[in-house]
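Just below is one structure, and these are the notes that go with it.
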Amino acid sequence: MSVLVPLPVAVSLLGAAVSLALHGRVRLQRALGLAVCIVATGTAVALLTIVQREGVVATQAGGWPAPFGITLVVDGFAAIMVTISTLMLLGCLVYAFGQLDAERERLYFHPVYLVLQAGVCLSFLTGDLFNLFVAFEVMLIASYVLLVLGGSQEQVGSGMTYVVINLLASTLFVSGVGLVYAATGSVNMADLVGRLAELPPNLRGGLGLLFLVVFGVKAALFPLFFWLPDSYPAAPTAVAAVFAGLLTKVGVYAVMRTQTLLFPGDGGPSTLILGVAGATMFVGVLGAIAQSDIKRILSFHIISQIGYMIMGLGLYTLAGLAAGIFYIVHHIVVKTALFLVAGLVERAEGTDALGRLGGFARRAPLVGALFMLPALSLAGLPPLSGFVAKLALVREGLALDRVVIVGVGLLVSLFTLFSMTKVWQRVFWGMGPSPEAVPPGARHGQATAPIAGGSRVRPPATMLGATAALVALSLVIAATAGPLYTITERAAADMLDTTDYLRAVLGG
Amino acid sequence: MLLALLALHVAVALAAPTVAGRAGRWVFAFCGLAPAAVVVWASGRAGGILAGRAVEETLRWVPALDLAVTLRVDGFSLLMIALVSGVGVLIFAYSWSYFEPRPDLGRFAAALTGFAGAMLGVVVADNLFVLYVFWELTSITSYLLIGFEDDKEEARGAALQALLVTVAGGLAMLAGFVLIGSAAGTYSLSQVLAEPPTGTAVGIGLLLVLLGAFTKSAQVPFHSWLPGAMVAPTPVSAYLHSATMVKAGVYLVARLAPAFGAVVFWRPLVVGVGVATMLVGGWRALRQFDLKLLLAFGTVSQLGFMMALLGAGTPEATFAGVVLLLAHGAFKCALFLVVGIVDHEAGTRDLRRLSGLRHALPITFAVAVVAGASMAGLPPLLGFVAKELAYDGLLADAHQLGLAPLAGAVAGSVLTFGYTARFLWGGFASPVDVRAGAPPHAHRPSAAFLAPAVTLAAVTVVLGALPGLADGLSAAAATALQEHHEPPHLALWHGVTPALWLSVLTVVAGVALFATRGRVEALQERVGGLPGAQEAYDRAVDGLQRLSEGLTGVVQNGSLPVYLAVILLTAAVLPGGAVLLGGSLASPPPLAESWAQVVVTVGILVASVATVMMRRRFAAVLMLGSVGYGVALLFVLQGAPDLALTQFLIETLSVILFVLVLRHLPDRFSHHRWRLGQALRWVVAVGVGVFMFGFALMAGTARTRQPISRYFLENSLPEAGGHNVVNVILVDFRGLDTLGEITVLVVAALGVASLVRASRRGEPAGP
Amino acid sequence: MTLVLPAVVGVLFASGTYLLLQRTLTRIVIGVSLLSHGANVLLLLSGLGAGEPPIVEGHTTPVRAYTDPLPQALVLTAIVISFGMTAFLLSMAYRSWRLTHSDEVRNDLEDRYLHARGGGPA
């Protein structure tokens, strides 16, 4: 079944090439993009079931034996990530059909979007450190282009921060690969497991921390996250939603993968990582509370939530890692859905500044519900997916006597609720806004007209449908949390005990 | 079946908006079906449950987390179901009359039904986590219901306060459940109670759980959200904020008290907080002018009473608490419904403006008198029976609890009598206070509007006069909580007991309190309210907002150079510290492998420092190009001719690109002062440089194994048929990298094209 | 392994870092380029030691005599990728210039607003 492993990447790249050839024929491009996303999602689901049945599957690109060629590996963690990511990319593509203006869509949106998918999938699947770098670059260049698509002043300004920070991180990444090769003579991750273990502890520790910093920038960990809230909100919503849901999580994936596989430390809870997790949660949520427009609030919550995922890594037990992975899955769906809702509001009202909004739930009750559910889930309220994820972390944290991080986690959960109710009360409840209530720093260059009261809002079916589908998916995650949690537990087991991974890659 | 009933609530709630769209107010009849079904089911199963056979059901959810929807109905749960679903049916009936037809009735009915389901879940949940699930669901539905009139600032604020306070407590409770459950080895409430765990962790866990119970049941000092919640429509106040949700904390404490009452802090804390709440609530109720607020503080007071009784954990007090729970559900709910009718028919709830309503609304008045008398503890009503039992129980347990709780209960009951009198007198009898404006004209309420309140008043009369009717239920409830030596019984007349004398004392003192109300009011003016509770909440929220803005304003300052500096410093300090401090170099390598290498190196150094120093754009770019060519020379010396060639080519292309862009820009870099000072810039730069130098040196001298590239050298020709190994690696061994590289180039080209060709919108006019 | 190569890496990183911490966009772009030169030299250095160019002609030369080919391949990939990135960044700078006639990176507007409200140093 190993032929399936490269398929999500291959089909996306091929699709991108064809889509490029179809430049100017938007309808065909749409159909093609949809087909590619569906195939990729289907393949991902197939991979997930295969991994459940047969364990880790590896394939050697070009047929060259590991560790010499590039190995693609799918274990439980990778399969989960590919599945959830392709699902999100599918949802956001459908949403984009309704949301993007014609000019942006013509400007290479479709091929670049598929390249993004290829980069994301390759990042999850590759078993080679340098190839991971390449995968990141493929993903990043696509994200740069999507971010500044249309080239408005705000996009270019925000995009600059994003691009420069990521270029710096990439440079550090490639330097890290160089250092690893200098010290060990290999770049195949499975091969590196043994080689890195032989290095003197200071060097191994330093390399581990360097990769933590490199991926920490991409994952937006404290204190490396500043770029995120300044760049995401500027992108078109469908793009911002993909960024918010997926891109930082690719960073989280890389952190978890490298820290467990290559730099497992002494195998116990890591106070450093737990400290980073706590600071990320706390500073992130305070940032969200301080903001006054929806997308910026949501952007800060991304940071805050990443703290919880990293907390799972910091606990470094089967249950902790499983909880972290479950948290990632939950978060990707919920956060993407929230951004899509923000886009619906922005489209209807012409702004996402809290001071200019109000009474939206009366005019679009369904959109209100579509916000309420993921918002509560984000805050970890039951019986939604966020609750299951948080409960898992709290249980394991207390079982390991890590009281401080559990306390911070619960407090941040309350603050998250506070911040989400702020959005709810100012956007979905209340009358319309009063004209003088607009804060001087409100996002500029967008609609200035006060809101027409009373009339019902009817978003395009594609946008509403995609949003509703993601919210429904988050409910499904909560309802089927039992079996899903078993899958994440198995993935976590493979991360802690790498025997299977090594055997699949290196053989025998 | 229980699961199906819960699902029924969800389904009905989901359908409510649609039904309301077609049927208007009849949506309440539709939604009332859900609690009605529960009542029917419970009546059918009551026999077995009262005989001590609990009904259990389980649905698996997340086995790995011990999360299973385990439901269990014993006698106590049955009593709570009577409140939740029995009162629920009446509330839906009442809502039908209460509301004018309006477009958003659907979402109100949906939230109310959702609440009824959630509350049912709370009282039947056996799994601790599932109990928490339903508990928080009641908080969320309560939030939506308090904020129903969401165009009012006041409603939004009150809804938020109720939500935040109860969710904060709920989160503490969740942590407490984890601590208790992991110590017990089970998360089944009934199993935990059967074999209560002990230890420090359990003690902390109990404190956390109590925090949840106190916030939910509006105990001092967390009580201030409850009066605020009175902005909600009256059916909500009657149902959630007097009859059911606020009793969730009391319910949980009642469950835990028999098992954990012996824990050293339990009784002083729970009984103390309960009595304090009873007194504070009663005292505050005495100075309210809004009938609804008066009742709300009365509810706070009564919740304190119940908390003290059920928290004591002794058999007698528990029994009294159970009966009070039932009695309070009936009389307080009836009173709220009365206030709703008054509000509806007279247009105000201000007791300074109301007058003579006893003539205009005789039946309403009668209901108010009966329910009020029950609240004040007058015979022959259920409230009296409950209070007698309470006095009795506290007397009997005085050896364990001391006399303070008894004294507090009596004092609290005197206050209760006082505010009840204030309610009835002010609402229905007093001459109008002309300063407050003319008394409003009152309409007669319809029979349907009155029926639910009349029913509840009838319950309090019938069960008071014939307590035997409630005997089975309350006894079963009490024995479900705790073993009793002999089954307890309800009676109206206990004979001339100390409790009776205390009741007499209560009434006498209460009458005196009412008679001297002028002076009491004056005293209250001087003493003022209990400072702190509401202010503390306001200050906390305010402080959080200010802390957030302050911290974020400093941390997230929007400056790209600062962000970069932080990242670079982190990268240099964290890994750099680990590498450079933790080890030493075995033997320093030679300076260079050839003199040419030294020469080229010096060239690169000079060029790169020059790049930094140049103030003209073109000069800087040319220096950058020189660095690139120098690097290419290094490649040549290292034995990498292909690489050098590519580097030359790419560097040339880069310089051309730079020039293409830069010819639009001014010749010199702009000069400006900037607060990340020059010194700091140098520190970061040198730090990063030293870190990279040291790290490269350490890593470059650490290798012990053969590199994998031996394979490429050996197999390039025989396996792949290529002489140039680097090329073979690129196109064959690591072809995937090259595919990615090409993709990057193509997408970058698309990006460049889209930016250059992007429409000119947004561009300023001019050059 | 030699001392000069790590020294080149260190100096390139230091000067790149210095330029990165500026507000002028052009200098930032130049800084990024210097950093990627540094990273490329580091990658090359990871082959440990110079040698014959890795062009094999049968089995006449022992494998040890060649310089390590893998880092060279990696550097080649990295060079091309960073060229693509630089080109894109330059086009952003160009677009930014067209839109604002400014060659400076400005602080994020929302952040500045909050910064002013939060009372931090201006």
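Its DSSP H runs of at least 4 residues, each contributing -39,500 (n - 2.57), put the calculated 222 nm mean residue ellipticity of the protein assembly as shown at -23500 deg cm²/dmol, to the nearest 500. Within the straight-line cut-off of under 17 Å between alpha carbons, the lysines reachable from B:Lys292 are B:Lys332, sequence neighbours fewer than 8 places apart in one chain being disregarded.
Among the chymotrypsin sites (Phe, Trp or Tyr not before Pro) within the stretch B:365-436, not one is in coil by DSSP while having at most 12 neighbouring Cβ atoms inside 10 Å.
Taking N as the number of residues in the stretch B:705-754, what is its Cα Rg relative to 2.2 N^0.38 Å? Display every interim value, and only then the final one.
Numbers: Rg = 14.9 Å, N = 50, 2.2 N^0.38 = 9.7 Å.
Rounded to two decimals, the normalised Rg is 1.53.
For the stretch B:617-693, which chymotrypsin sites (Phe, Trp or Tyr not before Pro) are in a loop by DSSP, counting at most 15 other Cβ atoms within 10 Å?
The qualifying sites are B:Trp674.
Inter-part distance, the stretch A:232-269 to the stretch B:576-606, computed on C-alpha centroids, equals 34 Å.
Can I get the semi-axes of the protein assembly as shown's equivalent ellipsoid? Compute them from the C-alpha gyration tensor as square roots of 5 times the eigenvalues, in angstrom, largest first.
Ellipsoid half-lengths, sorted descending, are 68, 32, 27 Å.
Holding the Cα-Cα limit at 28 Å, pick out from B:Lys152/B:Lys216; A:Lys295/A:Lys390; A:Lys249/A:Lys390 the pairs that are longer than that.
Over 28 Å apart, Cα to Cα: no pair at all.
Against chain A, whose longest principal axis is taken from its Cα atoms, helix A:153-184 shows a tilt of about 10°.
Computed from Cα atoms, the angle from the helix B:315-346 axis to the main principal axis of chain B rounds to 90 degrees. Against chain A, whose longest principal axis comes from its Cα atoms, helix A:248-257 is set at around 20 degrees. Distance between the modelled labels on A:Val18 and A:Asp266, one decimal in nanometres: 5.5 nm (7 Å Cα→Cβ projection).
Spatially, the stretch A:48-73 and the stretch A:315-366 are offset by 35 Å when compared through their Cα centroids. Phi angles of the stretch A:77-86 translate, via the Karplus equation with coefficients 6.51, -1.76, 1.60 and θ = phi - 60°, into HN-Hα couplings of 4, 4, 5, 4, 5, 5, 4, 5, 5, 5 Hz per residue; Gly and Pro are given as x. Within the stretch B:39-116, the trypsin sites (Lys or Arg not before Pro) that combine a DSSP coil assignment with at most 14 other C-beta atoms in a 10 angstrom radius are B:Arg53.
Projected onto the charge dipole of chain B (+1 at Lys/Arg Cβ, -1 at Asp/Glu Cβ, origin at the Cα centre), which of B:Thr318, B:Leu403, B:His344 gives the Cα projection farthest towards the positive end? The one lying farthest along the dipole's positive direction is B:His344. For A:Thr126, the residues whose modelled amide H falls within less than 5 Å of its own, excluding neighbours fewer than 5 places apart on the same chain, are A:Val73.
Relative to the Cα centre, the charge distribution of the protein assembly as shown, modelled as +1 at Lys and Arg Cβ and -1 at Asp and Glu Cβ, gives a dipole magnitude of about 2900 debye. Once a ≥ b ≥ c are taken as the square roots of the eigenvalues of the Cα gyration tensor of the stretch B:580-653, is the result rounded (a/c under 1.5), prolate (a/b larger than b/c) or oblate (a/b not larger than b/c)? Oblate shape, in that a/c is at least 1.5 and b/c is the bigger or equal ratio.
Remark: chain A projects, on average over all directions, an area of 21.4 nm² (convex hull of Cα atoms).
Each value in this text was obtained by applying a stated rule to the coordinates, not by laboratory testing. Just so we're clear, the structure is a prediction, and the values are computed from it rather than from any experiment. All Cβ positions, glycine included, derive from the backbone under ideal geometry; neighbour counts span all protein chains shown.
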